[in-house]
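Each remark here refers to the structure printed beneath this line.
What follows is calculated from the coordinates using simple rules that are stated; it is not laboratory data. Only a predicted model underlies this, so the values are computations on that prediction, with no experimental measurement involved. Glycine also receives a Cβ, built like all others from the backbone with ideal geometry; neighbour counts cover every protein chain displayed.
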Amino acid sequence: MYRKSGNFKILNLREMAFIHLDIRCLYAILICTAFGSTLSSNAEIKVNPPQDFEILDPGYLGYLYLQWQPSLSLENFKECTVEYELKYRNIDSENWKTIITKNLCYKDGFDLNKGVEAKIHTLLQGQCTNGSTVQSSWSEATYSISPQGNLETKIRDMDCTYYNWQYLFCSWKLGIGVHFDTDYNLFYWYEDLDHALQCVDYIKGNGKNIGCRFPYLESPDYKDFYICVNGSSKSQLIRPSYFIFQLQNIVKPSPPDYLSISVKSEEINLKWSMPIGPIPVKCFIYEIAFTEDDSTWVTTTFENEMYITRTSNKSQQLCFLVRNKVNIYCSDDGIWSEWSDKQCWKGDIRKETLLFFLIPFAFVSLFVLLITCLLLYNQKALLKMVFHTKKEVFSHQETLF
């Protein structure tokens, strides 16, 4: 029921509810229509994956190029933004590395002891897709070095140390069961080099190459440093080995020197000098081994000086030594230096010195006293004997007369 008021029609509650429901249905229909139109529009847009996708090895011992070309279908989408999503990994890795780029090439380092796999697809977005993202199917590529020689012929226990951030040394052990004529060669590369270089200063063991002393390296830190050690033999194939290092993570500094220790009442001051070399002062962390009489404890500090408190005023000997390595602010890891020489402080030296002289002096004095007593005793006995002899002589003479 409704009633009229002037030129207006007054609706009852039931009629108002029906009208509200109709409006909601209309909105839903409009939204679905618009969404369906967008889906229909995007469903009609199809983009092909990149073409000529490949992984190239330029001979940099693990630094590979991943490159591709845009699909020809992109000529129809000039108003759109075109990007590429690239995923890659070593074949035995669980995780993919992912990058999104507009370029047609990407470079990165890989462990060539294992195979490499990568995949890429096209991402299309912009006006031609009504703001949404359209993806192509994946294009895939793989790369691996054909294995040669038995696995046992590879070198063993490769160890590289960057001494004092200046001198790089690497050493290894020969493969298992290799023939007597087998020898190994080391090659290396990093981004500042035009091509891979061979070691020119080998460390020898029984006439075989078992290590390499590297020449001065120009700015090799904070970048991947690639090494390959392969071998040669007239009687068998030798399996090559590949390694990737970040040299700042294998730095072994020189140990600290010029240690000093001073004691004032209960306070102990420990101080040392930083090693000479190119390592910045802020890059050191120190480990201190401190001994008070028979108890020892270890602590770390970022400074080249520290203050500690004596546990007892009666402690007679305090000693400490220090070693260092590159800290987390300059590298992800590091190698501890050798321990420095020990520096010690001893208690009241005057008392010790006095005891040192008094004890022997007491023994000597006692010995002299005993000798003197013995001499006096013997002299007294001798005098008695002489006196008694003279007395007997006089008595005999009186008897004669």
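Restricting the range 112-194 to trypsin sites (Lys or Arg not before Pro) that sit in a DSSP loop and have at most 15 other Cβ atoms within 10 Å of their own Cβ leaves K114. Could you tell me whether the range 151-251 comes out rounded, prolate or oblate from its Cα gyration tensor? Rule is a ≥ b ≥ c as square roots of the eigenvalues, rounded for a/c under 1.5, then prolate if a/b exceeds b/c, otherwise oblate. Judged from the Cα gyration tensor, the range 151-251 comes out prolate (a/c at least 1.5, a/b above b/c). Working from label points 7 Å from Cα in the Cα-to-Cβ sense, the N206 to K87 distance is 4.9 nm.
Modelled spin labels at S273 and N76, positioned 7 Å past Cα toward Cβ, are 7.7 nm from each other. Within the range 151-251, how many Lys pairs sit with Cα atoms under 16 Å apart, leaving out pairs fewer than 8 places apart on the same chain? Value for the range 151-251: 6.
Ratio of Rg to Rh for the range 51-143: 1.03 [Cα atoms; Kirkwood radius as inverse mean 1/r over pairs]. Between the range 193-270 and the range 74-132, how many Å separate their Cα centres? With the range 193-270 and the range 74-132 each reduced to a Cα centre, they are spaced 36 Å. Highest mean packing first, where packing is the average number of other Cβ atoms within 10 Å per residue, the peptides 78-84, 264-270, 225-231 line up as 225-231, 78-84, 264-270.
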